[in-house]
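The values are calculated or read from the model by the stated rules, or taken from the named source; none is laboratory data. None of the values given here were measured: they were computed from a predicted structure. Because the Cβ atoms are built from the backbone with ideal geometry, glycine has one as well, and the counts that use them run over all protein chains shown.
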Amino acid sequence: MRLLPGAEPFTHDGVPVLTADTVHISADWSALVLRHGTAFIGHRPDHGPTDSFYGYAELHTRSVYFDALLFGVIQRDHIDQLTEDLTDVFTGPREATRLATLKRRIAHFRSTYWRQHLTTHGTANDLLTAYKNQYRLPERFTDILAEAADHNRLIQTRENQQISGALGIITILGLPLTIIQVLGDQTPRHLITAPPPPLSPPPPSSSSTPSAGATQAAETVRTNRPTTSDRALPIQATQARRLDDGYDESGRRVSVLTTGLSVSGHIVGSPFQPSRL
């Protein structure tokens, strides 16, 4: 709104609190940016419709300068909404999904709305900066970025702990199957039902001495040891009997029963004791 002709212009030089965000457009007028509005103040009397300077100033106020202030309002609304959404990240399950959505919105806001300059130079940039300073928009947006980064680190740490626990369980459950695959066994039941390994016999006592009968039996076994080709076979000692046909002194045919000790198919031990049937 322009002043009436002959009215004295208002000056705000005597109010230091109001001059903090004053934008001096030129020597004839300036803009005072506050939280609830902006006042464009002329420094000389207005001569009415014939005053081309104030007509030019009014045109810029309703176009370029108003757009700069409106853009600041849009930035303020988006920062207010981002702040509220950031506080709701940990209000329920699926925190990672909500944080990822919020980070996409922050990136979109930074690339689309968070502009520091509207023009290459001029009063519009100064008006936008003064409006953002009134609402501390740069500090608030920096806090939003820092808090979102802290939330992201917290959620990543929690997810890494859950993944580590899951991998530990998989490792514990998969270790028996890996052992089976390495050993070539296709039945996991064998890991549970396998018999225990045999116990090794205790070593012989050095203080005990073999008896004479044991020494003679060992000598007999060594004397009647199988050939080299039979040494790979396991040694098995059993009592053996054999029925043979023969003739006595008078030439009659008789049956003779022979008994002895059979070791791996070879009869060893004491001489045969024939008995006539």
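Computed quantities for the displayed model
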{"item": "Criterion (at pLDDT below 80 and surrounded by 10 or more Cβ atoms within 10 Å (Cβ to Cβ)) met by exactly one of 121, 117, 151, 190", "result": "190"}
{"item": "Residue match in segment 43-53 (condition: outside any loop (DSSP other than H, G, I, E, B), at pLDDT below 90 and surrounded by 13 or more Cβ atoms within 10 Å (Cβ to Cβ))", "result": "yes"}
{"item": "Close pairs from segment 51-77: first in the same structural domain as residue 39 (by TED's automatic domain parsing), partner polar (S, T, N, Q), Cβ under 7 Å, at least 6 apart", "result": "65/123; 69/38"}
{"item": "Options 180, 172, 163: the member that is at pLDDT below 90, surrounded by 13 or more Cβ atoms within 10 Å (Cβ to Cβ) and not assigned by TED's automatic domain parsing to the domain that holds residue 32", "result": "180"}
{"item": "Residues satisfying the stated conditions in segment 78-89, i.e. part of a helix (DSSP H, G or I) and either of a type in the set (Lys, Arg) or free of Cβ contacts under 8 Å to residues at least 12 places away in the same chain (or both)", "result": "80, 81, 84, 87"}
{"item": "Filtered residues of segment 82-109 (kept if among the acidic types (Asp, Glu) and farther than 19 Å from residue 143 by Cβ)", "result": "95"}
{"item": "Subset of segment 90-143 [more than 30 Å from residue 57 (Cβ to Cβ) and assigned to a loop (DSSP other than H, G, I, E, B)]", "result": "90, 91, 92, 93, 94"}
